[in-house]
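Beneath this line is the structure, given in structure tokens, with notes to follow.
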Amino acid sequence: MSEQMHKTIFDVSLSDEVADDLFVTKTMAVCIFEFFQKNSLFLWSDIHNCEDRAEAMAILLLHWDIPHYKAWLFDSYFLKNEEGSLQNEWNYHVCIMLPVKEDSSEKMEYYVIDPAHSSQLQKMFKWADDLTKNAFSYHIIKNGYTYIFPTGQISQQNWHFRNKQNFKWTMQGLAGINGVSNSGKAAVVFNKYKILRTQKSFTELKNRKPDFGK
């Protein structure tokens, strides 16, 4: 079945390039998925704060030397003022994506880690299609160190990268608090211990790389 018959479109113009020689095996990808799915630090029941969960995972995977990207999905009305919508009335959604091959001669496949919506690995296109409520949506691939898109017109080059400030937002989001919103800013004041505890658990996890096999 052709992509045009589905509800989502891959936007090459907004996507970053991917490397042909960096990948994990399918077995390893499944182990990584199951690890994050079961880890209590990640609140998969929370349908918000997806950018912070994805960023926290990206930091861990970078520290563990595991190749990864971020898969972004956009409501077409939000992105391009076109007709279309996502599930949960989101403007966007994001999760970690793994490049997968069994060996260097095979075709690269791209699988997302999104336990909030699936109990197993999903190919990026199916993930984007399943989360699109009404056609069309747009999905893109960004490098793991991109944190979020800017306000206003989005281009390939003008995304915000990882830095100290958005690391604070990442820890707040991992604790279930949207520190950028007005209500979240108030919640941060009353949940400082929870945020510090979350950051401590995150640091301990980062320094204890799991055995994902090969």
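Does SER2 count as polar (S, T, N, Q), at pLDDT below 95 and under 30 Å from LYS200 (Cβ atoms)? Talk me through it step by step, then tell me what you get.
Details: polar (S, T, N, Q): yes; at pLDDT below 95: yes; under 30 Å from LYS200 (Cβ atoms): no.
For SER2, the condition - polar (S, T, N, Q), at pLDDT below 95 and under 30 Å from LYS200 (Cβ atoms) - is not met.
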Q) How many residues are within 13 Å of the chain's Cα centre (by Cα) and either closer than 17 Å to LYS7 by Cβ or of a type in the set (D, E, K, R) (or both) if we restrict to region 104-121? A) 3
Q | Conditions (1) small (Gly, Ala, Ser); (2) under 15 Å from the mean Cα position of the chain (by Cα); (3) surrounded by fewer than 17 Cβ atoms within 10 Å (Cβ to Cβ); number of the one not met by SER13 | A | (2)
Q: Can you tell me which residue within region 117-145, out of those that are touching a residue at least 24 places away in the same chain (Cβ under 8 Å), within 18 Å of ILE96 (Cβ to Cβ) and of a type in the set (S, T, N, Q), is surrounded by the fewest Cβ atoms within 10 Å (Cβ to Cβ)?
A: SER119
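Yes/no per residue for (1) in contact with a helix residue (DSSP H, G or I) (Cβ under 6 Å, 6 or more places away or on another chain); (2) not aromatic (Phe, Trp, Tyr):
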| residue | (1), (2) |
| --- | --- |
| LYS133 | yes, yes |
| PRO150 | no, yes |
| TRP159 | no, no |
| MET171 | yes, yes |
| GLY176 | no, yes |
| LEU196 | no, yes |
| THR203 | no, yes |
| PHE212 | yes, no |
Q.
For the list (1) out of contact with any Lys or Arg (no Cβ under 9 Å at 6 or more places or on another chain); (2) farther than 21 Å from CYS31 by Cα; (3) assigned to a strand (DSSP E or B), I need the number of the one condition that PRO99 fails.
A. (2)
**Q.** Which numbered condition SER105 fails, given (1) surrounded by 16 or more Cβ atoms within 10 Å (Cβ to Cβ); (2) at pLDDT below 95
**A.** (1)
Q: Could you pull out the residue among ILE59, ILE47, ILE66, ILE32 that is of a type in the set (A, V, I, L, M), within 17 Å of the chain's Cα centre (by Cα) and exposed (fewer than 14 other Cβ atoms within 10 Å of the Cβ)?
A: ILE47
Q: Starting from residues that are crowded, with 16+ Cβ neighbours inside 10 Å and in contact with an Asp or Glu (Cβ under 6 Å, 6 or more places away or on another chain), keep the ones in region 85-102 and report whichever is nearest to THR151 (Cα to Cα).
A: VAL94
Q: Search region 188-214 for residues being crowded, with 16+ Cβ neighbours inside 10 Å and β-branched (Val, Ile, Thr), and hand back the single one that is farthest from VAL100 (Cα to Cα).
A: VAL188
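For region 32-88, which positions are in a loop (DSSP other than H, G, I, E, B) and free of Cβ contacts under 8 Å to residues at least 12 places away in the same chain? Break it down into steps so the answer makes sense when it comes.
Narrowing region 32-88 to residues in a loop (DSSP other than H, G, I, E, B): 39-49, 64-68, 81-84.
Those that are in a loop (DSSP other than H, G, I, E, B) and free of Cβ contacts under 8 Å to residues at least 12 places away in the same chain: SER40, ASP65, ASN81.
The values are calculated or read from the model by the stated rules, or taken from the named source; none is laboratory data. As the structure is a computational prediction, the values presented were derived from the model and not from experiment. Every residue, glycine among them, receives a Cβ derived from its backbone with ideal geometry; neighbour counts consider all protein chains shown.
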